[in-house]
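Below is one structure; the comments refer to it alone.
The values are calculated or read from the model by the stated rules, or taken from the named source; none is laboratory data. All of these numbers come straight from a predicted model, not from anything done at the bench. Glycine also receives a Cβ, built like all others from the backbone with ideal geometry; neighbour counts cover every protein chain displayed. Surface accessibility is based on the protein's heavy atoms, side chains included, excluding ligands, DNA and RNA. Shrake-Rupley method; radii C 1.70, N 1.55, O 1.52, S 1.80 Å.
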Amino acid sequence: MKKFDKERVLLAVAGPVIALVLAIALTSIVLLASNRNPFEPYVLMLQQLPYSDIQVLIINQAAMYYIAAIAVALGFRMNLFNIGVDGQYRLAAVMTAVAGANIGLPAFLQIPMLLLVAMFTGAFWAGIAGVLKVTRGVSEVVSTIMLNAIATSVIGYVTLANVWGVQVGNNMTTGDMKKSGWFPGINLGSDVGEIYGMVFVAIALGIAYWVVLNRTRFGFDLRATGASESAAAASGVDARRMVLISMLISGAVSGLAGLPLLLGDTHTYSLSFPAGLGFTAIGIALLGRNNPGGIAFAALLWAFLDKASPALDYATPVAYEKEIATIMQGLIVFSVVISYEAVRQWGLRRQQRQVGAELAAAAAQNTKKEVAA
């Protein structure tokens, strides 16, 4: 590997590594301040990894995080901050659940139909923010935050008993989806659980994300517009069109984020359907540096902290609060901002020193030639 490539890899890896180390150190300080063992919680959580059922839970949860984080990363690549992923994925999930409960097609048609419903709903909701930005200059941060609140109200309306809601005990649902729409997975037994089939869709999505961004003209235009709209416009790229398309694609991907759970497990949308996934995805995309491989690692780490932390409640002789994992997740996001800026400044100074050394060497060479002449 060339020297330049080694430095680029070092700069790419340094940020996440520093963020993780800093987050662990800060979490340990919090534990020490609480008169707790600063290392035992990590040991207890790591001891959960060999259990097959925990592994399945981590993989399934990571798939949801990964899809949502890819949606966020698409916006980041365009220098757009799509905070509306949470509303987009929840609205897409409820509309997909309604379609799955009221439309019955053969499985080879039902599942693609449900995927399209989810993607169209997410794209439509994100497209509202995109249109407002390119036509009225409204910040996507403001519009997507407001759309999240509106999505919650729309979901509340959709799940009313006189609309599509079905009362199940104290919970309001959209009714059970037709079995032809259940996405098949890999059943590892009743004691272990089932790996969602949508896990493989998430993997394919990550591959497609990398190929489109790095091997297509559209991906180049997207990255160029995100880096500098004026420079992209000078090369013939319609920046407004790229903003709108990027928001539509980001929303379509967001719409798929809730489907691993919806099509692989619950088969209905209810009030207990997880919220906040879109905000978690922001931290995962940041930690993964918008790279599909880095995002996969970050999604698995986040899912591990989620699914292994309940073991802290049962530690003996003294139990630990499972919120320690939540604290660590928050500190990771905090540390990411600090570490990435530190690495960026370090890389900039390194480049400046290299350029200075090259200019000095060139000047010395010219001086030698003049003396020799």
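So that you can scan it fast, the table gives a plain yes or no per residue for (1) open to solvent by 40 Å² or more (accessible area, probe 1.4 Å); (2) within 17 Å of Ala68 (Cβ to Cβ); (3) without any contact (Cβ under 8 Å) to a residue 24 or more places away in the chain; (4) in contact with a Pro (Cβ under 8 Å, 6 or more places away or on another chain):
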residue: Asn170; (1), (2), (3), (4): yes, no, yes, no
residue: Thr173; (1), (2), (3), (4): no, no, no, no
residue: Lys178; (1), (2), (3), (4): yes, no, no, no
residue: Asn187; (1), (2), (3), (4): yes, no, yes, no
residue: Asp191; (1), (2), (3), (4): yes, no, no, no
residue: Gly197; (1), (2), (3), (4): no, no, no, yes
residue: Ile203; (1), (2), (3), (4): yes, yes, yes, no
### Query
What are the residue pairs meeting all of these: first residue in the range 254-283, first residue open to solvent by 30 Å² or more (accessible area, probe 1.4 Å), second residue aliphatic (A, V, I, L, M) and not in a helix (DSSP H, G or I), Cβ atoms under 8 Å, and 6 or more apart or on different chains?
Leu271/Met172; Phe279/Ile83
## Note on the structure
For the range 232-259, the count of residues that are within 15 Å of the chain's Cα centre (by Cα) and either more than 30 Å from Phe273 (Cβ to Cβ) or of a type in the set (S, T, N, Q) (or both) equals 2
### Message
With more than 23 Å from Phe297 (Cβ to Cβ), touching a Ser or Thr at 6+ places or on another chain (Cβ under 6 Å) and among the polar types (S, T, N, Q) as the only criterion, which of Thr152, Thr225, Thr173, Thr216 stands out?
### Response
Thr173
### Residue ranges of helices (runs of 4 or more DSSP H) in the range 274-373 with at least 1 members in contact with an Asp or Glu (Cβ under 8 Å, 6 or more places away or on another chain)
277-287, 323-372
### Task
Output the residues belonging to the range 351-373 that are within 30 Å of Leu22 (Cα to Cα) and at pLDDT below 75.
Gln351
### Task
Kindly indicate which of Thr268, Thr280 is at pLDDT 90 or above, hydroxyl-bearing (Ser, Thr, Tyr), in contact with a strand residue (DSSP E or B) (Cβ under 8 Å, 6 or more places away or on another chain) and over 20 Å from Gly130 (Cα atoms).
Thr268
### Message
For the structure I just gave you, tell me whether Met113 is assigned to a helix (DSSP H, G or I) and within 24 Å of Arg241 (Cβ to Cβ).
### Response
no
### Message
Of everything in the range 301-345, what is small (Gly, Ala, Ser) and surrounded by fewer than 21 Cβ atoms within 10 Å (Cβ to Cβ)? Give them in sequence order.
### Response
Ala311, Ala315, Ala319, Gly330, Ala342
### Query
Which one is least open to solvent (accessible area, probe 1.4 Å) among residues in the range 125-140 that are part of a helix (DSSP H, G or I) and either more than 18 Å from Tyr89 (Cβ to Cβ) or out of contact with any helix residue (DSSP H, G or I) (no Cβ under 9 Å at 6 or more places or on another chain) (or both)?
Val134
### Query
What number of residues within the range 151-181 satisfy the criterion of being part of a strand (DSSP E or B) and closer than 12 Å to Ala101 by Cβ?
2
## Note on the structure
Picked from the range 182-231 (must be of a type in the set (Phe, Trp, Tyr) and not in a helix (DSSP H, G or I)), the residue farthest from the chain's Cα centre (by Cα) is Trp182
### Message
Quick check on this structure: which one of Val134, Val117, Val85 is hydrophobic (A, V, I, L, M, F, W, C) and in contact with a Leu (Cβ under 6 Å, 6 or more places away or on another chain)?
### Response
Val134
### Query
Assuming Tyr314 fulfils every condition listed in (1) more than 26 Å from Gly206 (Cβ to Cβ); (2) at pLDDT 85 or above apart from one, which condition is it?
(2)
### the range 136-150 residues that are without any contact (Cβ under 8 Å) to a residue 60 or more places away in the chain and among the polar types (S, T, N, Q), paired with ones that are in a loop (DSSP other than H, G, I, E, B) and open to solvent by less than 40 Å² (accessible area, probe 1.4 Å) (beta carbon under 8 Å, 6 or more apart)
Ser143/Gly84
